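Colleague: Below: one structure in structure tokens.
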Ligand SMILES: Cc1cc2nc3c(=O)[nH]c(=O)nc-3n(C[C@H](O)[C@H](O)[C@H](O)COP(=O)(O)OP(=O)(O)OC[C@H]3O[C@@H](n4cnc5c(N)ncnc54)[C@H](O)[C@@H]3O)c2cc1C
């Protein structure tokens with residue numbers, strides 16, 4: 001980086017807000033489930049919107065790349081600063097600014113994590129219902145349009161954003177949306193910045209919707225001889241209109257990793273985990289119907305779960321599933337698919353994807369938010385084995401191809417990052433040219449998280 005830019009950054013922020021130590025650069029050179037590393041030239045830790053504005057104004061003037069990062073749990077190279085420049089680490093902007101229970105909203109800085117917001121909401125009877133597995137930040141979740149196990153009932157992050165404060169790539173501070181429950185005013189900028197993966201600006205404040213905690217919760221699980229039967233069951237459960245709040249599928253390999261690493265007793269079979277939210281009567285009758293349907297689909301085992309402690313332990317384990325798979329495959333790299341398809345096409349796409357994975361010989365684990373047609377296959381391979389990597393990459397292409405052919409998407413929730421760049425044009429066609437026009441209008445210098453989200457022009 002130009003020493004002159006470094007000098008001017010030192011004028012813009014305090015000394016303890018800048019770090020060029022090898023450990024800081026190394027830490028900010030890598031992401032989860034992406035084994036190529038690239039360090040930034042410097043890490044900057046803004047503490048306020050004004051800090052971010054100063055950094056962005058300088059970066060714009062000097063054409064310096066900026067890569068925002070928060071918890072760094074995104075899967076696919078989103079935060080790796082492939083063009084060097086500034087890694088803008090937002091973790092110090094972590095204050096909950098306001099909770100307005102009577103309007104069902106909260107205002108937070110971007111590094112507030114969703115578990116911390118929910119802890120602060122405990123006494124209000126409200127909660128923020130998006131729960132990706134990692135303890136992600138709300139700014140990161142807005143930037144990837146994250147979802148999680150509860151999206152089938154409460155929606156994804158985009159559905160729960162009322163407004164944002166954003167510092168644009170040219171250093172302008174803007175507000176999008178507001179506090180009204182609905183609005184038809186202007187273009188939908190809140191929704192545009194949501195899912196932009198830090199390529200259109202830096203989110204410095206979020207106004208999020210909250211929802212009431214359910215009066216009653218009941219769980220059910222059903223294990224089947226094979227994955228196809230699980231998916232047939234899920235399709236029926238969803239199409240029957242039950243008040244499903246969670247609907248997750250884990251295959252026997254994923255359950256094995258959880259048993260081995262987390263010591264949770266679960267059947268050694270592909271299993272569907274359900275949760276119902278509502279009042280006492282509705283969750284009871286929904287879970288009864290779910291068990292009846294399980295019997296009709298010849299479940300090997302089906303049971304109801306009413307104990308809140310046991311349910312929490314189960315979902316904690318589900319959230320730890322990725323780390324369990326990594327722990328039982330020490331030293332191996334991995335890739336994770338994230339396709340989402342219409343629920344009616346789920347069975348054929350999962351089957352085709354499992355067949356493609358099996359041909360690679362790689363250890364493979366299936367986990368799915370199948371209630372909304374989204375599933376992940378995680379494939380492991382030795383980092384230095386080029387042939388194994390090539391086999392896994394080819395299978396990945398095939399799996400995404402199956403999802404797109406079924407009317408699906410290459411990424412249901414993780415976002416594009418670097419991993420899904422090859423599929424964006426196939427999914428969106430000439431829509432990519434419109435995306436580039438938006439990118440160019442907002443970021444004329446091309447400095448915001450370059451190399452991510454959109455394939456190279458014409459690519
Ligand atoms: C074990 C595990 C389980 C997971 N489960 C799920 C899941 O169920 N559902 C799901 O959706 N995801 C899941 N993820 C992925 C990840 O948690 C989400 O993508 C999450 O939204 C990332 O948040 P973060 O704070 O870690 O963001 P980071 O990884 O730090 O950043 C993510 C992206 O947002 C940008 N960014 C971050 N903060 C800002 C900001 N303030 N302004 C502008 N851009 C910003 C970054 O540049 C990057 O492109 C999982 C990850 C792990 C490790």
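The values are calculated or read from the model by the stated rules, or taken from the named source; none is laboratory data. Quantities reported herein were computed from a predicted structural model and do not represent experimental measurements. Glycine gets a Cβ as well: all are built from the backbone with ideal geometry, and neighbour counts include every protein chain shown.
Colleague: Taking the stated definitions as given, is residue 135 within 14 Å of the ligand (Cβ to nearest atom), surrounded by fewer than 22 Cβ atoms within 10 Å (Cβ to Cβ), in a loop (DSSP other than H, G, I, E, B) and within 20 Å of the chain's Cα centre (by Cα)?
Modeller: Answer is yes for this residue.
Colleague: If you check residue 150 against the conditions, is it within 13 Å of the ligand (Cβ to nearest atom) and farther than 22 Å from residue 78 by Cα?
Modeller: Judged against the criteria, residue 150 is a match.
Colleague: Let me ask you something else. Does residue 129 satisfy the condition of being under 30 Å from residue 275 (Cα atoms), touching a residue at least 60 places away in the same chain (Cβ under 8 Å) and within 13 Å of the ligand (Cβ to nearest atom)? Outline the logic, then answer.
Modeller: On the way: under 30 Å from residue 275 (Cα atoms): yes; touching a residue at least 60 places away in the same chain (Cβ under 8 Å): yes; within 13 Å of the ligand (Cβ to nearest atom): yes.
Judged against the criteria, residue 129 is a match.
Colleague: I'd like the full set of residues that are out of contact with any strand residue (DSSP E or B) (no Cβ under 6 Å at 6 or more places or on another chain) and farther than 24 Å from residue 110 by Cα, limited to the stretch 24-37.
Modeller: Of everything in the stretch 24-37, those that are out of contact with any strand residue (DSSP E or B) (no Cβ under 6 Å at 6 or more places or on another chain) and farther than 24 Å from residue 110 by Cα turn out to be 36, 37.
Colleague: What are the residues in the stretch 344-397 that are more than 23 Å from residue 246 (Cβ to Cβ) and not in a helix (DSSP H, G or I), if any?
Modeller: 361, 362, 363, 364, 379, 380, 381, 382, 383, 384, 385 - these are the residues of the stretch 344-397 that are more than 23 Å from residue 246 (Cβ to Cβ) and not in a helix (DSSP H, G or I).
Colleague: Residue 413 is checked against (1) assigned to a loop (DSSP other than H, G, I, E, B); (2) surrounded by fewer than 21 Cβ atoms within 10 Å (Cβ to Cβ) and fails just one. What number does that condition carry?
Modeller: Looking at each condition in turn, residue 413 falls short on (2).
Colleague: Looking at the stretch 318-342, which of its residues are buried (at least 20 other Cβ atoms within 10 Å of the Cβ) and farther than 17 Å from residue 392 by Cα?
Modeller: Selection gives 318, 321, 322, 324, 340, 341.
Colleague: In the same structural domain as residue 277 (by TED's automatic domain parsing) and at pLDDT 95 or above: which single residue out of 298, 305, 355, 340 fits that description? Step through it out loud before you land on a result.
Modeller: Working: 305 fails: at pLDDT 95 or above; 355 fails: in the same structural domain as residue 277 (by TED's automatic domain parsing); 340 fails: in the same structural domain as residue 277 (by TED's automatic domain parsing).
After ruling out the rest, the residue left standing is 298.
Colleague: How do the pairs read when you match residues in the stretch 9-32 that are in the same structural domain as residue 45 (by TED's automatic domain parsing) and closer than 18 Å to residue 84 by Cα with residues anywhere that are part of a helix (DSSP H, G or I) and more than 16 Å from the ligand (Cβ to nearest atom), using Cβ under 7 Å and keeping only pairs 6 or more apart or on different chains?
Modeller: 9/58; 18/9; 18/10
Colleague: For the stretch 91-108, which residues satisfy the criterion of being within 12 Å of the ligand (Cβ to nearest atom) and touching a strand residue (DSSP E or B) at 6+ places or on another chain (Cβ under 6 Å)?
Modeller: 108
Colleague: Answer yes if at least one residue in the stretch 378-385 is surrounded by fewer than 23 Cβ atoms within 10 Å (Cβ to Cβ) and within 16 Å of the ligand (Cβ to nearest atom), and no otherwise.
Modeller: Yes; the residues of the stretch 378-385 include at least one that is surrounded by fewer than 23 Cβ atoms within 10 Å (Cβ to Cβ) and within 16 Å of the ligand (Cβ to nearest atom).
Colleague: Condition (residue is in contact with a helix residue (DSSP H, G or I) (Cβ under 9 Å, 6 or more places away or on another chain) and either closer than 30 Å to residue 384 by Cβ or in a helix (DSSP H, G or I) (or both)) applied to the stretch 294-308: is it met by at least one residue?
Modeller: Checked the stretch 294-308: at least one residue is in contact with a helix residue (DSSP H, G or I) (Cβ under 9 Å, 6 or more places away or on another chain) and either closer than 30 Å to residue 384 by Cβ or in a helix (DSSP H, G or I) (or both).
Colleague: Given the structure, is residue 360 farther than 21 Å from residue 73 by Cβ, crowded, with 16+ Cβ neighbours inside 10 Å, outside the structural domain of residue 231 (by TED's automatic domain parsing) and touching a residue at least 60 places away in the same chain (Cβ under 8 Å)?
Modeller: no
Colleague: Has the stretch 164-180 got any residue that is modelled with pLDDT of 95 or more, over 23 Å from residue 48 (Cα atoms), more than 9 Å from the ligand (Cβ to nearest atom) and surrounded by fewer than 22 Cβ atoms within 10 Å (Cβ to Cβ)?
Modeller: Scanning the stretch 164-180 turns up at least one residue that is modelled with pLDDT of 95 or more, over 23 Å from residue 48 (Cα atoms), more than 9 Å from the ligand (Cβ to nearest atom) and surrounded by fewer than 22 Cβ atoms within 10 Å (Cβ to Cβ).
Colleague: Restricting attention to the stretch 173-203, which residues are closer than 23 Å to residue 446 by Cβ, over 19 Å from the mean Cα position of the chain (by Cα) and in contact (Cβ under 8 Å) with a residue 60 or more places away in the chain?
Modeller: The answer is 173, and nothing else.
Colleague: Let me ask another. Taking the condition within 24 Å of the chain's Cα centre (by Cα), more than 11 Å from the ligand (Cβ to nearest atom) and assigned to a loop (DSSP other than H, G, I, E, B), does residue 73 pass?
Modeller: For residue 73, the condition - within 24 Å of the chain's Cα centre (by Cα), more than 11 Å from the ligand (Cβ to nearest atom) and assigned to a loop (DSSP other than H, G, I, E, B) - is not met.
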